[in-house]
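Note sheet for the following structure.
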Amino acid sequence: MIIVLKPNATPPEVDHVIDRIKELGLKAHVSQGEHRTIIGVIGDETKLSKEPLLAIAGVEQVLPIMKPFKLASREFNKKDSVVVVGGRVKVGGGHLGMIAGPCAIEGREILNEIAGEVKKAGANLLRGGAFKPRTSPYTFQGMGEEGLKILREVGDAHDMPVVTEVMDPRQVPLVEKWADMLQIGARNMQNFDLLKEVGQTRKAILLKRGMSATVKDLLMSAEYILSEGNQSVVLCERGVRSFEDSTRNMLDMSAVPNVKGMSHLPIIVDPSHATGRRDLIPPMALASVAAGADGVHIEVHSCPEKALSDGPQALLPPNYGKLMEQIRKVAEVMGKTF
Ligand code: PEP
Ligand code: MN
């Protein structure tokens, strides 16, 4: 950590900062410049936090050298992490997680029909929401536990591990019982109690980027899960809010290589929620794989006009099948398989 003092900091103020550093068992390396003093702190930086130092008179800036996320950092693990879902589907390290299914579980028959179609096209993970984070409390909220049971049953019938959202720490035991991968939705990316709770499980976690979260915020949220002992975290870029209003969100494609430089964790892209538009999903899905993503998360519905949520962005099964053929080609160029 580097502490930059104000140009007018007095010698007693400088000494006070040095005393605080020493009190914590750390060493202070003082560099007296012509205009200002800079103090380098040597030792275990975790003993020191930024805010109390900034409160000391004479201190202008505190610059941590170590990244705030450690377990998620590339420095911590030079190799790409591979997350195994449901004991068999790998995501990361050359393996693509192809997640597909309806936005919400609406019934056994319709889910079974969609699962058959996406499986045939090459999807390896089945998604479907049983607890839906809806903007309005008056719209369909999801089938709850009944939906979870249907998802499990249909996933097993098609030999696909299942992914579903958990919105509240109190739902974790129930969702954990039925699902292979627990999704933390964009609206809950910084629900720290929820992150800690899923960190206690040994299920794979799909952590979606919040709509106004930076890449660093996303990695800090992953750190919450990792620090509880759960190392199976897959990140998901799903677009952020912007001034653009012709798409649902603004897909930040650079987040993929950006995160890969900073972290060993796999990152997939969700072009469905990022664009909110069926016509934009295929090009953005292909671009995701070309950008180095470890998978793609796509909403598919065989009858979008009857979908209880997110119908306008759902791909029809034949279009999903066609897209998957194209994705295979891009994946091959990128040296990846699914
Ligand atoms: C979803 O996956 O259905 C969903 C609600 O996604 P997000 O949290 O990214 O909006
Ligand atoms: Mn949805």
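The values are calculated or read from the model by the stated rules, or taken from the named source; none is laboratory data. Note that the structure is a prediction, hence the values are computed from the model and not measured. Cβ coordinates were reconstructed from backbone atoms using ideal geometry, including for glycine residues, and neighbour counts include every protein chain displayed. Only protein heavy atoms, including side chains, enter the accessible area calculation; ligands, DNA and RNA are left aside. Shrake-Rupley method; radii C 1.70, N 1.55, O 1.52, S 1.80 Å.
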| task | Assess whether S254 counts as being away from ligand 1 (no atom under 16 Å from the Cβ) and within 15 Å of the chain's Cα centre (by Cα). | result | yes
| field | From the options K67, K90, residue that is open to solvent by 50 Å² or more (accessible area, probe 1.4 Å) and within 30 Å of I42 (Cα to Cα) | value | K67
| field | the range 194-217, residues that are of a type in the set (D, E, K, R) and within 16 Å of ligand 2 (Cβ to nearest atom) | value | K208, R209
| message | Can you say whether R248 is open to solvent by 20 Å² or more (accessible area, probe 1.4 Å), charged (D, E, K, R) and within 16 Å of ligand 2 (Cβ to nearest atom), as far as the supplied structure shows? | response | yes
